[in-house]
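Written out below as structure tokens is the structure these notes cover.
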Amino acid sequence: MAETRTEISALGEFGLIQKLNKGIKNKLPDTITGIGDDAAVIDLGDEYGLLTTDMLLEGVHFDLTFFPLKHLGYKAIAVNVSDIAAMNGTPHQVTVSLALSNRFSVEAVAELYEGIKLACSDFNVDLVGGDTSSSRSGLFISVTVFGKVAKDKITYRHTAKPHDLLCVTGDLGGAYLGLQLLEREKQVFLANPNMQPELDGKDYVIQRQLRPEARMDVVYELAEAGVIPTAMIDLSDGLASDLLHICAQSGVGALVFEDKLPVDEQTYLAATELNIGPVTAALNGGEDYELLFTVPQNAYDKIKNNPKITIVGYITDQKGEVLLHTNADNRVPITAQGWT
Ligand code: ADP
Ligand code: MG
């Protein structure tokens, strides 16, 4: 009898994670939250511990023809710290695991580590361990971060409330357009190695792709302003996909205003040049690593003057209705077109 074979693509990333973890029940009393948020939450007594891991694979997450190793090292740490930020926590320790093919020299790995060390210094974390192995092909980096957060300051994905303001940090869509530009230049280079890349005036979007920051600065600023978000997630898959997570897990809806979406001028120009809608890039472009969060309306005065924060809409009690109010005054459903 032939066994059934289901393609992973039939489930998608989130479907697969759900299926594999179905029936997993946490037994330990100090496991507060397991799978399903940006980090696991562990009861440490006085405060909560936060644990998160993410891997980066050559050929899947990065292309070394245009990704400098130092930037890659920085990004590997930053994207993990970003998940701690999304819990309103502070990162403390990291471990780094590497698998390297014989294509890499000691000098190349040292360069990767320059970026890792710089990120550890920028985010004030200690690199306390890891693992190193050989790989048949390509480079594999896996990072785990341990962080902490006060019990009354933790922000989950599942706690957004109707009428909360929906806020985003920084600007959106840049990392995706940076990637599109780098890939276009790679194709040009492969076709004609004498061509010089045309990336003048595109430094910002390129940097958004190659050297993302975790928004710990905003976590600290919110704390200083006395604001505890009601819910928060970091934007790894794009606003659409990540807002859908908040809404689904909180049992709420949301209304986002197209004219409020923060898009940098370089992002806008690159989108136009590449024939990609800037709003599509802002909603569905991944890897910006900004924070998407909700606050009660009475926090408005405390955030309104922070130039790093834009209010893009609000949460509604219409469960499952996540809508974009377009500039043409239509309301259309926001759907996830993130990666699988
Ligand atoms: P993020 O983008 O914030 O890193 P993911 O979308 O990667 O989050 O993961 C969503 C949730 O699923 C997280 O809680 C993560 O820990 C969990 N998860 C992902 N892959 C696995 C796996 N193979 N086994 C168990 N849990 C997983
Ligand atoms: Mg995340």
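The values are calculated or read from the model by the stated rules, or taken from the named source; none is laboratory data. Computed from a predicted model, the values in this text were never measured in an experiment. Here the Cβ positions follow ideal geometry from the backbone for every residue, glycine too, while neighbour counts run over all protein chains shown. Just so you know, the surface numbers come from the protein's heavy atoms only, side chains and all, with ligands and any DNA or RNA stripped out. Shrake-Rupley method; radii C 1.70, N 1.55, O 1.52, S 1.80 Å.
Which value, in Å³ per residue, describes the convex hull spanned by the Cα atoms of segment 216-259? Walk me through the intermediate numbers first.
Working: hull volume 4.7 nm³, N = 44.
Dividing the Cα hull volume of segment 216-259 by its residues yields 106 Å³.
A simple charge model with +1 on the Cβ of Lys and Arg, -1 on the Cβ of Asp and Glu and nothing else charged puts the dipole of the chain at about 740 debye relative to its Cα centre. Annotation for ASN192 and LYS22: the two label points, set 7 Å from Cα along the Cα-Cβ direction, are 5.5 nm apart. Rolling a 1.4 angstrom probe over the protein heavy atoms with all chains in place gives segment 8-150 an accessible area of 52 Å² per residue. Charge tally around TYR113: other residues with Cβ under 15 Å, Lys/Arg +1 each, Asp/Glu -1 each, net -3.
Order 18-27, 174-183, 197-206 from most to least packed using the mean count of other Cβ atoms within 10 Å. Write down the numbers at each step before the final one.
On the way: 18-27: 9.1, 174-183: 23.4, 197-206: 15.6.
Answer by packing, highest mean first, reads 174-183, 197-206, 18-27.
Identify, among ASN80, ALA10, CYS120, the residue whose Cα sits farthest towards the positive end of the charge dipole of segment 8-150, taking +1 on the Cβ of Lys and Arg and -1 on the Cβ of Asp and Glu, with the dipole about the Cα centre. Working it through, the farthest residue towards the positive pole turns out to be ALA10. Summing Cβ point charges (Lys, Arg +1; Asp, Glu -1) relative to the Cα centre of segment 154-237 gives a dipole of roughly 240 debye.
If you roll a 1.4 angstrom probe over the protein chains with everything in place, what fraction of the accessible area of the chain belongs to carbon and sulfur, to the nearest %?
Details: 8890 of 17250 Å².
Taking all protein chains in place, the chain shows 52 percent carbon and sulfur surface.
Across the options GLN187, GLY277, GLN266, the greatest Cα extent toward the positive end of the charge dipole of segment 165-333 (unit charges at beta carbon of Lys, Arg, Asp, Glu) belongs to GLY277. If R0 equals 30 Å, the separation of the Cβ atoms of THR272 and TYR300 corresponds to a calculated FRET efficiency of about 0.35. The three principal axes of the C-alpha atoms in segment 8-150 carry coordinate ranges of 46, 40, 23 Å, sorted with the longest axis first. List the residues of segment 84-102 whose backbone N lies under 17 Å from a point placed 7 Å from the Cα of ASP30 along the Cα-to-Cβ direction. Answer for segment 84-102: 92-93. Only Lys, Arg, Asp and Glu carry charge here, each on its Cβ (+1 for the first two, -1 for the last two); on that basis segment 165-333 has a dipole of about 240 debye about its Cα centre.
Computed as a quarter of the hull surface, the mean projected area of the alpha carbon convex hull for segment 187-340 stands at 10.9 nm².
Return the subset of LYS161/LYS260; LYS260/LYS302; LYS70/LYS148; LYS153/LYS260; LYS260/LYS319 for which the Cα-Cα distance in this structure is over 24 Å, preserving the input order. Could the numbers behind the result be given before it?
Details: LYS161/LYS260 21 Å; LYS260/LYS302 19 Å; LYS70/LYS148 27 Å; LYS153/LYS260 28 Å; LYS260/LYS319 22 Å.
In this structure, LYS70/LYS148; LYS153/LYS260 lie more than 24 Å apart at Cα.
On full extension, the segment bounded by SER134 and PHE257 gains 39.4 nm, given 0.36 nm per residue less the C-alpha separation.
The largest-to-smallest principal axis extents of the Cα set in the chain are 59, 56, 52 Å.
What do you get for Rg/Rh of segment 103-262 when both radii come from the Cα atoms and Rh is the Kirkwood radius?
On the way: Rg = 19.9 Å, Rh = 19.5 Å.
Reported Rg/Rh, Kirkwood definition of Rh: 1.02.
Dividing the radius of gyration of the alpha carbons in segment 122-173 by their Kirkwood radius gives 1.12 for Rg/Rh. Give the residue from PHE146, CYS167, TYR156 lying farthest towards the positive end of the charge dipole for segment 125-184; charges sit on Cβ (+1 for Lys and Arg, -1 for Asp and Glu) and the dipole is referred to the Cα centre. Value computed over the given set: TYR156.
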